[in-house]
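Take a look at the structure set out below.
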Amino acid sequence: MKVTISKRTLRAGAIIGALLGGLLTTGIGHAEKVLRVNMHSDLKIVDPIWTTAYMSRNYGYMVYDTLFAMNTKGEVLPQMVDTYNVSEDGLTYDFTLRDGLLFHDDQPVTSADVVASIGRWGAKDAMGQKMMSFVAEMTATDDKTFQFKLNEPTGLIIQALGKPSSNVPFIMPARIAATPPGEQITEYVGSGPYVFLKDEWKPGNKAEFAKFENYVPRDEPADGLAGGKNVYVDKVVWVVIRDQQTKMNALSKGEIDVIESPAHDLLPLMEQDPNIQLVDLNPFGNQYTFRFNQLHPPFDDPKVRQALLYAFDQEEFLLAAIGDEKYFKLCKAMFICGTPIASEMGFEDKLEGNLKKAKELIAESSYDGTPLILMHPTDLAVLEPLPPVAKDFMEKIGLKVDMQAMDWQTLVGRRNKKEAPADGGWNAFITSWNSVDNASPLTTPFLNAACDQALFGWPCDDKIQELRDEFAREPDAGKQLSIVENLQNRVSEAPTHVHLGQWYQPTAMGKNISGAPVSPVVAFWGYKKDE
Amino acid sequence: MWSHLLKRVLAVIPVLLVVMVIVFLMLRLTPGDPAANIAGDAATSEDIAKLRIELGLEEPLPVQFGIYVSNLLQGDFGESFYYKRPVISMIADGIEPTLSLAFFTITLACLVAVPLGTLAAYRHGTWLDRMVMGFSVVGFSVPVFVIGYLLIYFLSVKLGWFPVQGYQHIKEGIGGWAYRLVLPSVALSVIFIALIARMTRTSVLEVLNEDYIRTARAKGLPQSKVLLKHALRNAAVPIVTVIGIAIAILISGVVVTESVFVIPGLGLLTLDAIQGRDYPTVQALILLFSVVYVLINLIIDIIYTILDPRIRY
């Protein structure tokens, strides 16, 4: 739509704008440099150890700091730690904290805080629990140094302490970290680059963070979550805007500065907007995954699961959901293309829509023709188009599919039900993970095949568990890759889930914004805003 | 009159009890699990089970209901499952934006719709009448978000006269508060203007054929006086009823408008709470809305007696 505006109209508008916006509006300060950001969701829970919700993790990176952090190459580097030393036998780790670390109440960060924080995280997080199974003793040797004594060597310690996504081992004051991991903390003091302004937090509306003036960044340049976390704005405000069109208009008019996850169907419009730039900040992107429920037929039969590995064509899913090829990548590597352990082993002939092979496997399987329930979330734009594609493939290979529409929250409740599908349970659904969650055999949530201890879908496979343990014990990167390849071979025989390709979510921001850090997890240091 | 009012107030109690039971049961019978939502995507079944215990969701339903009622009787509406804040404080945060939007919308709607409807009735069968009726049909038919988007596109994006979104609290400046409510109120008022104008036209038209109007005209009263003093006042009862319903609708949440214009009112709070299965918040909001509906009905009843002294309770 083209609208022609006369000079007279513009003059009138300017006058009205000045009268209404300038003269009538009071109490708006202009001194502060405020970065207004629309995040993908509302901040609900402010304890990043208590929940695995991404928004709580993002909040954690604002308020807390980490001992180690992952850079854009997937390497884990010291962050709060200055130096560390591993004994020759690999059984003792000595760490020294860097100078100048302060909590927001101006108390110094001590080793006692670290030990308490790692203890709470290690009791809650799956990777933390795995790490703690190697730790015989964790002690604060003095205010700035602490030591891990292991019961056997492992390559896991540094990787776990630099775990980038939920739950992240954030460091809190010992008194707060003393809160049992099953209870939410009630005090929000960290040592990160921003201070959480609790009194300004309006659930469903906004959350505010002020620059922590006493934060001492590392000297190295920022690289992903690692390096110097320099802050150039006074405040970051997370503004809740639900309507996608309104987000775009608000960004175009400079009312907000950043949209973390703009809708893909609005990206072409944003590309044409002279006030908006689209930036890809997450080098790893996201990964779609199809999850089986292995407690019930037909997915208790590995042949049916293998059939889907052959039947599904990543490209069809990604075209349906994302559309524009520049925002997705076909990737058969289970642990994300571009990581040091990326490999196609086990999947070379799969994920390409081989319906003939899939039909053969179904014919050999125990499938009895019972319709299976595929849950279809209709309220999430990034997921909604996928189940119909899956249904089409599944029906083409002879499976009967009852695709049930529901909202995401209903799906989240239902996926934890172990009952038979006919009694309110389920057979399959599709979700998406931040790729960094799936970048290691130890962090990939759906790879946990520990039966009842596994995530919904409850795969049960001793061999997979053994290979994950082997990976955890192996300190050598080259050997880790070999273990990953064995693991992928095993998964291709006994699939826990199907990875349906990687997709990228560009961040939209005003043309006056620069310095946004490229990072596997959204972060708000480095941002500069020209007024 | 006073005994009627007392009876009406007392009648609220069984209404609220029924609402409490129905909402309590409906929430728990609706698919979805707040614990699973809160725990996050990577939480295990064990984590979720622990959380259900912590939230009190593993107790038998009668026990949960008993705790709920007992807390309610002590003025405790509960704590949000998510935000760990008293529900009442979250509702308090949302009341000002909702009341502000309702006030602006209903004022604008009345100021436009009542004269329009009256004029349409007075000029019955003319182009003015047809225009008003045509506007009513369009006003009913066009979804509020379409009107909202159009207003934003032309008045905010193209002309830059108004902000695209956002609400400013009244304590931060009455000018900014009013300024930011212009577009959402205009967008939202269209349907109410259509509704009230149509009702006013029908009602006034009916009254204009009454004998007392003919008498008023016959004794030489000016048309404006005939219309305003005699016709409109006698036609006011159904108009007031519609306005009352409109206020109740506006207060109990206008989700789409709040969403498009980013107004942190009760509508969005309700939507978020329902989507997240935040039982304490939904329960408190529905109770509040029930009270609002009952009170508005009561106020309308009182207004009836003022407008038409023949009405007695």
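Numbers below:
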{"item": "Set A:K479, A:K400: member being more than 10 Å from chain B (Cβ to nearest Cβ), surrounded by fewer than 21 Cβ atoms within 10 Å (Cβ to Cβ) and in contact (Cβ under 8 Å) with a residue 24 or more places away in the chain", "result": "A:K400"}
{"item": "Residue check for A:E466: under 30 Å from A:D89 (Cβ atoms) and modelled with pLDDT of 95 or more", "result": "yes"}
{"item": "Among the residues listed as A:P173, A:P153, A:P164, the single one being surrounded by fewer than 20 Cβ atoms within 10 Å (Cβ to Cβ) and either modelled with pLDDT under 95 or not polar (S, T, N, Q) (or both)", "result": "A:P153"}
{"item": "Region A:353-370: number of residues that are crowded, with 19+ Cβ neighbours inside 10 Å and either closer than 30 Å to A:Q480 by Cα or among the aliphatic types (A, V, I, L, M) (or both)", "result": "3"}
{"item": "Residues (more than 22 Å from the chain's Cα centre (by Cα) and either assigned to a helix (DSSP H, G or I) or surrounded by 20 or more Cβ atoms within 10 Å (Cβ to Cβ) (or both)) located in region A:403-413", "result": "none"}
{"item": "Residue that is nearest to B:F261 (Cα to Cα), among those in region A:228-242 that are open to solvent by 10 Å² or more (accessible area, probe 1.4 Å) and more than 14 Å from every other protein chain (Cβ to nearest Cβ)", "result": "A:K235"}
{"item": "Any hit, region A:277-288, residues being in a loop (DSSP other than H, G, I, E, B) and at pLDDT 95 or above", "result": "no"}
{"item": "Residue pairs meeting the criteria (Cβ under 6 Å; at least 6 apart or on separate chains; first under 17 Å from B:I296 (Cα atoms), in region B:99-122; second among the polar types (S, T, N, Q) and assigned to a helix (DSSP H, G or I))", "result": "B:T105/B:S185; B:T105/B:S189"}
{"item": "Residue match in region B:135-150 (condition: within 11 Å of chain A (Cβ to nearest Cβ) and open to solvent by less than 40 Å² (accessible area, probe 1.4 Å))", "result": "yes"}
{"item": "Hits in region B:151-172 - residues which are under 18 Å from B:L99 (Cβ atoms), surrounded by fewer than 17 Cβ atoms within 10 Å (Cβ to Cβ) and touching a helix residue (DSSP H, G or I) at 6+ places or on another chain (Cβ under 9 Å)", "result": "B:H169, B:I170, B:K171"}
{"item": "Test: B:E46 is in contact (Cβ under 8 Å) with a residue 40 or more places away in the chain and either touching a strand residue (DSSP E or B) at 6+ places or on another chain (Cβ under 8 Å) or open to solvent by 70 Å² or more (accessible area, probe 1.4 Å) (or both)", "result": "no"}
{"item": "Pairs where the first residue, in region A:352-378, is touching a residue at least 12 places away in the same chain (Cβ under 8 Å) and under 13 Å from A:Q306 (Cα atoms) and the second is surrounded by 22 or more Cβ atoms within 10 Å (Cβ to Cβ) and of a type in the set (D, E, K, R), C-beta under 6 Å, 6+ apart", "result": "none"}
{"item": "Criterion violated by B:Y167 - all others in (1) under 20 Å from B:V256 (Cβ atoms); (2) outside any loop (DSSP other than H, G, I, E, B) satisfied", "result": "(2)"}
{"item": "Hits in region A:207-224 (condition: under 17 Å from A:G60 (Cα atoms) and either open to solvent by 40 Å² or more (accessible area, probe 1.4 Å) or touching a helix residue (DSSP H, G or I) at 6+ places or on another chain (Cβ under 7 Å) (or both))", "result": "A:E208, A:F209, A:K211"}
{"item": "Cross-chain or 6+ apart pairs with Cβ under 9 Å, region A:225-245 first and at positive phi, then among the charged types (D, E, K, R) and open to solvent by 10 Å² or more (accessible area, probe 1.4 Å)", "result": "A:G227/A:R218; A:G227/A:D219; A:G227/A:E220"}
{"item": "Near pairs, Cβ below 6 angstrom, 6+ apart or cross-chain, from region A:201-215 (under 26 Å from B:D93 (Cβ atoms) and facing chain B (nearest Cβ under 9 Å)) to any residue that is part of a strand (DSSP E or B) and among the small types (G, A, S)", "result": "A:W201/A:A207"}
{"item": "Some residue of region A:95-106 being without any contact (Cβ under 8 Å) to a residue 12 or more places away in the chain, under 30 Å from A:D476 (Cβ atoms) and open to solvent by 30 Å² or more (accessible area, probe 1.4 Å)", "result": "no"}
{"item": "In region A:107-141, the residues that are open to solvent by 50 Å² or more (accessible area, probe 1.4 Å), in a helix (DSSP H, G or I) and in contact (Cβ under 8 Å) with a residue 24 or more places away in the chain", "result": "A:A112, A:A123, A:A126, A:K130"}
{"item": "Counted residues, region A:244-275 - those being within 12 Å of chain B (Cβ to nearest Cβ), assigned to a helix (DSSP H, G or I) and not small (G, A, S)", "result": "8"}
{"item": "Matching residues in region B:57-66 - criterion: being within 26 Å of A:T51 (Cβ to Cβ), open to solvent by 70 Å² or more (accessible area, probe 1.4 Å) and away from every other protein chain (no Cβ under 14 Å)", "result": "B:E59"}
{"item": "Test: residue in region B:151-161 that is more than 23 Å from B:C110 (Cβ to Cβ), of a type in the set (V, I, T) and within 14 Å of chain A (Cβ to nearest Cβ)", "result": "yes"}
{"item": "Number of positions in region A:17-64 that are modelled with pLDDT under 50, assigned to a helix (DSSP H, G or I) and within 10 Å of another protein chain (Cβ to nearest Cβ)", "result": "6"}
{"item": "Residues being basic (K, R) and in contact with a Leu (Cβ under 7 Å, 6 or more places away or on another chain) - total across region A:75-101", "result": "0"}
{"item": "Positions within region B:74-118 being over 29 Å from B:Q283 (Cβ atoms), surrounded by 19 or more Cβ atoms within 10 Å (Cβ to Cβ) and either within 14 Å of another protein chain (Cβ to nearest Cβ) or of a type in the set (S, T, N, Q) (or both), in sequence order", "result": "B:T118"}
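Yes/no matrix, rows are residues, columns are (1) within 14 Å of chain A (Cβ to nearest Cβ); (2) more than 25 Å from A:A250 (Cα to Cα); (3) assigned to a helix (DSSP H, G or I):
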position	(1), (2), (3)
B:A248	no, yes, yes
B:S259	yes, no, yes
B:I274	yes, yes, yes
B:V294	no, yes, yes
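Residues are listed down the side, and each one gets a yes or a no for (1) of a type outside the set (V, I, T); (2) closer than 20 Å to B:K84 by Cα; (3) open to solvent by less than 80 Å² (accessible area, probe 1.4 Å):
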| position | (1), (2), (3) |
| --- | --- |
| B:L5 | yes, no, yes |
| B:F24 | yes, yes, yes |
| B:I38 | no, yes, yes |
| B:L55 | yes, yes, yes |
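The values are calculated or read from the model by the stated rules, or taken from the named source; none is laboratory data. Since the structure is predicted, the reported quantities are computational estimates derived from the model, not experimental observations. Backbone-built Cβ (ideal geometry, glycine too); neighbour counts: all protein chains shown. Calculation scope for accessible area: heavy atoms of the full protein, side chains included, ligands and nucleic acids excluded. Shrake-Rupley method; radii C 1.70, N 1.55, O 1.52, S 1.80 Å.
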